[in-house]
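Values quoted throughout were computed directly from the atomic coordinates according to the rules given, and no laboratory measurement underlies them. Given the structure is predicted, the values throughout are model-derived calculations rather than measurements. Methodologically, a virtual Cβ is constructed for each residue, glycine included, from the backbone with ideal geometry; neighbour enumeration extends over all protein chains shown.
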Ligand code: GTA
């Protein structure tokens, strides 16, 4: 029962394998942070569109687009940095699932932006998840990278 409660209280299902601290430190960072991660974004969605949408939750300090580390072009995610924790929570609560460029975006609490985190970590330069998917997704580069290689 106690572990079930702990599971439900988790702020994010995602654990950054490059976070160097303990799970407790990671959870604490998620609780205090004013940064959100946005996933399932079209490669064609612009920073201006994201700015307009996320301004509804509150004043934005900065948007950092996720980029393919080889092509340096948007690869389907971004970080939005707010000034206040309340606005950060509102972004997760009210904007996650919103349709942007025909796709439901996912807004997730993030432990905090650090230089280097803007790059896709997949072997081909983009996001890891785009290497493994097998569907055809024209707004995210067509087929997944591994399928394209076959
Ligand atoms: N806060 O959900 C997130 C999130 N994601 C998915 C990425 N980032 C996130 N941050 C938050 N919440 O800074 C951040 C990363 C990094 C940047 C780019 O975005 O912290 P990435 O997406 O390229 O790489 O990161 P990441 O996150 O290290 O990928 P990971 O965790 O290995 O894999 C993500 C997904 O890929 C898995 O959940 C799974 O769906 C798929 N996948 C991975 N390996 C396999 C496999 N072997 N087989 C099938 N699917 C796989």
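May I ask you to order 13-21, 78-86, 95-103 by the average number of other C-beta atoms within 10 Å around their residues, highest value first?
Ranked from most to least packed, the peptides come out as 78-86, 95-103, 13-21.
Suppose each label sits 7 Å from its Cα in the direction of the beta carbon; what would the residue 118-residue 83 distance come out to in nanometres?
Each label point lies 7 Å from its Cα, and together they span 2.2 nm.
Provide the packing ranking of 123-133, 138-148, i.e. peptides ordered by the mean count of other C-beta atoms within 10 Å per residue, highest first.
Sorting 123-133, 138-148 by mean packing, highest first, produces 123-133, 138-148.
Can you tell me, using C-alpha contacts under 8 Å and at least 6 residues apart, the relative contact order of the chain as a whole percent?
26 percent
I'd like the antiparallel share, as a percent to the nearest 5, of DSSP beta bridges with both residues in the chain.
95 percent
What order do you get for 109, 43 when you list them from fewest to most C-beta neighbours inside 10 Å?
Least crowded to most crowded, the residues run 43, 109.
With only alpha-carbon atoms counted, please give the Rg and Dmax of region 61-133, in Å.
13.1, 37
Using only Cα atoms and rounding to the nearest 10 degrees, what angle (0 to 90) does helix 23-32 make with the longest principal axis of the chain?
Roughly 80 degrees between the two axes.
Sort 22-34, 54-66 by packing, meaning the average of other beta carbons within 10 Å per residue, with the highest value first.
54-66, 22-34
Given a Förster radius of 22 Å and the C-beta distance between residue 18 and residue 71 as r, what FRET efficiency does 1/(1 + (r/R0)^6) yield to the nearest 0.05?
The computed FRET efficiency comes out at 0.50.
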